[in-house]
Amino acid sequence: MSRPYVPGGGFGPVESGGRILSVPAAKIFPICRTKRIETPVSDYDWIDDDAFCVTFVHGLTPREALDRLGVEVFEGDDDEGDYEEGLVSARPAEGGTILSEWNGFAGTLPEVLSRLSSATVTASVFRNVNMVAHFVHYADGKEVLGFDWMFPGYDDDDSGPYLAERTELGLAGEDAEGDLPEALRLAERITGVRADGSSGTVAAHCVFEHY
């Protein structure tokens, strides 16, 4: 039974046998901002600080998340050699899965995020070697929020979704100067997914060759 996601409010009413069931969003999708248990930054030490993309996916296992990409999925870490581009690693996490890429950007592509976020939510944190950065949040196949997390003060619109959380974390406002820990915190709060002791191990991977 699919439940449509309502941005900022969890999943909406569910139709069953011709009747609309009113289901409190908090019982279906308790988002992280109501549970302020935040992961130490050291738990993300597998992120390459220079060029990376990490995508938080609520409620899916590593295999389920990669299966949505429509490419061949392999169990465990890559053991057949290094790839210059396109390698996507899926890591187990509290509340779902975190996809990680070294020097990749699949987690910022609309065609990827629309699939990953179907009936759930995602948030991606991206940076490349040229200091180009992007934070993007999708819910049920649609983009809800996107901004430059390294230079949020340059954004024209500081009235969008999750403004209170962004302001608290220093990711909104004229004088805001973002940093990686704060961008990861926002992704955790929006999706309810956070790294835990198991996230250092890759559970499955794929090679996303089309880019």
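Of the residues making up the stretch 151-181, just one is within 17 Å of Asp49 (Cα to Cα) and surrounded by 21 or more Cβ atoms within 10 Å (Cβ to Cβ), namely Gly178.
Cβ-Cβ distances below 9 Å connect the following pairs, each with a first residue in the stretch 56-71 that is farther than 16 Å from Val121 by Cβ, a second residue that is among the acidic types (Asp, Glu), and a separation of six or more residues or different chains: Arg63/Glu75; Val71/Glu209. Filter the stretch 136-147 for residues that are under 16 Å from Cys53 (Cα atoms) and surrounded by fewer than 19 Cβ atoms within 10 Å (Cβ to Cβ) and give the result. Matches in the stretch 136-147: Gly146 only.
The conditions of being more than 14 Å from the chain's Cα centre (by Cα), free of Cβ contacts under 8 Å to residues at least 40 places away in the same chain and farther than 15 Å from Val193 by Cβ are not met by Gly146.
When the stretch 84-100 is filtered for residues that are among the acidic types (Asp, Glu) and either outside any strand (DSSP E or B) or open to solvent by less than 10 Å² (accessible area, probe 1.4 Å) (or both), the ones remaining, listed by number, are Glu84, Glu85.
Within the stretch 184-211, residues that are at positive phi have Cβ atoms under 7 Å from residues that are open to solvent by 10 Å² or more (accessible area, probe 1.4 Å) and at pLDDT below 95 in these pairs: Gly192/Pro30; Gly192/Ile31, counting only partners at least 6 apart in sequence or on another chain.
The values are calculated or read from the model by the stated rules, or taken from the named source; none is laboratory data. Since the model is a prediction, treat every value here as computed from it, not as a measurement. Reconstructed Cβ throughout: ideal geometry from the backbone, glycine too, with neighbour counts over all protein chains shown. Just so you know, the surface numbers come from the protein's heavy atoms only, side chains and all, with ligands and any DNA or RNA stripped out. Shrake-Rupley method; radii C 1.70, N 1.55, O 1.52, S 1.80 Å.
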